[in-house]
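Q: Please see the structure below; I have some questions.
Just so it is clear, none of the values below were taken in a lab; they were calculated from the coordinates. As the structure is a computational prediction, the values presented were derived from the model and not from experiment. A quick note on method: Cβ atoms are made from the backbone with ideal geometry, for glycine too, and the neighbour counts reach across all protein chains shown.
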Amino acid sequence: MLGLVLLGILVLTIGGCACVVWAERGGPRWVRGVATVTLATGELVRITHRHRRRSLNRNSGDSGGDSG
């Protein structure tokens, strides 16, 4: 079941990337919409990852241990 979910995410990701490339070359309106959603989702993931990483660094610094 988990493999099926991961496969679905992979297919959506590849399809979204293909739409971004197609939209750059002047694709139809629906392709530009999918490309916009794909780019916005990527930006959201990047912001979330950056926030989470910053939070982890702050928490590990509060432990008092020397981490490197």
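Q: Fewest to most neighbouring Cβ within 10 Å: what's the order for Arg54, Arg32?
A: Arg54, Arg32
Q: Given [x] 11.8; [y] 14.6; [z] 12.1, which label gives Kirkwood radius over Cα pairs in Å as computed from the coordinates?
A: [y]
Q: What number, rounded to the nearest 500 deg cm²/dmol, is the helix-based mean residue ellipticity at 222 nm of the chain, given -39500 (n - 2.57) per DSSP H run of at least four residues and division by all its residues?
A: Numbers: 2 runs with 56 residues, N = 68.
That calculation yields -29500 deg cm²/dmol at 222 nm.
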